[in-house]
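The values are calculated or read from the model by the stated rules, or taken from the named source; none is laboratory data. These figures come from a predicted structure and were not determined experimentally. We place every Cβ from the backbone using ideal geometry, glycine too, and count neighbours over all the protein chains shown.
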Amino acid sequence: MIVVSDTSPICYLLLIEKINLLPQLYGEVTIPQAVFDELGAAESPAAVKSWIRQPPEWLEIKTAGVSSDAGLELLDAGEREAIILAEQLAAGLVVLDDKAARRIAVARGLRIIGLLGILKDAARAGLIDLAATFERLRTVGFWVAPSLLQRLLDEE
């Protein structure tokens with residue numbers, strides 16, 4: 001299955017030291033050039049910039065085509081290119097956290113997952129302790145409604 005990712009899920013997985021969940025769950029992950037650029041941008045955390053300078057073998061970087069779809073212009077470059085690339089590659093999954101990007105991707109027939117969904121899948125596979133990982137996410141600045149985190153924990 002082809003998996004295409006946006007920037008923020010990769011960034012947060014790096015910050016909580018769980019980036020290896022991506023190859024463990026999906027094998028290979030593809031990112032568009034815009035996501036590569038965002039990960040290496042000056043404002044990115046040092047750990048993220050360091051990681052993307054020498055990307056792992058399981059991370060593939062591809063150039064996304066151009067789309068004249070006005071709806072995509074509302075998104076940032078990484079989200080826009082992730083959706084376009086997912087369509088071009090007929091990806092089985094697109095990793096997106098932004099609500100607007102998720103809505104657009106679903107409307108275009110793409111299957112999506114976010115960071116919390118990845119963590120939940122990893123917990124089901126016995127790869128992480130979900131409660132401890134959620135706590136670690138909070139310490140690096142990831143914000144999500146506490147009620148959503150509790151609901152996800154209750155489903156375990």
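Filtering segment 20-58 to residues that are closer than 19 Å to R80 by Cα, surrounded by 14 or more Cβ atoms within 10 Å (Cβ to Cβ) and aliphatic (A, V, I, L, M) leaves V29, I31, A34, V35, L39. Taking the residues in segment 108-128 that are in contact (Cβ under 8 Å) with a residue 12 or more places away in the chain and among the small types (G, A, S) as candidates, determine which candidate is farthest from L75 (Cα to Cα). That would be A125.
Every test in (1) within 25 Å of I104 (Cβ to Cβ); (2) modelled with pLDDT of 95 or more; (3) not charged (D, E, K, R) is passed by W58 save one, and that test is (1). Contact map, segment 129-142: residues that are free of Cβ contacts under 8 Å to residues at least 24 places away in the same chain and closer than 11 Å to L13 by Cβ paired with residues that are of a type in the set (G, A, S) and buried (at least 19 other Cβ atoms within 10 Å of the Cβ), Cβ distance under 6 Å, separation 6+ or inter-chain. No pairs are found. Name the single residue, out of those in segment 94-106 being of a type in the set (D, E, K, R) and free of Cβ contacts under 8 Å to residues at least 12 places away in the same chain, that is surrounded by the most Cβ atoms within 10 Å (Cβ to Cβ). Across segment 94-106, the extreme among qualifying residues is R103. Residues satisfying the criterion are present in segment 41-48 (criterion: within 24 Å of F142 (Cβ to Cβ) and either within 14 Å of the chain's Cα centre (by Cα) or touching a residue at least 40 places away in the same chain (Cβ under 8 Å) (or both)).
If you check R103 against the conditions, is it under 23 Å from V144 (Cα atoms) and more than 14 Å from the chain's Cα centre (by Cα)? In short, yes.
For segment 2-15, does any single residue satisfy the condition of being aromatic (F, W, Y), surrounded by fewer than 16 Cβ atoms within 10 Å (Cβ to Cβ) and within 25 Å of I128 (Cβ to Cβ)? No, segment 2-15 has no match at all.
Filtering A91, A64, A86 for residues that are in contact with an Asp or Glu (Cβ under 6 Å, 6 or more places away or on another chain), farther than 29 Å from T139 by Cα and either surrounded by 16 or more Cβ atoms within 10 Å (Cβ to Cβ) or modelled with pLDDT under 95 (or both) leaves a single hit, A64.
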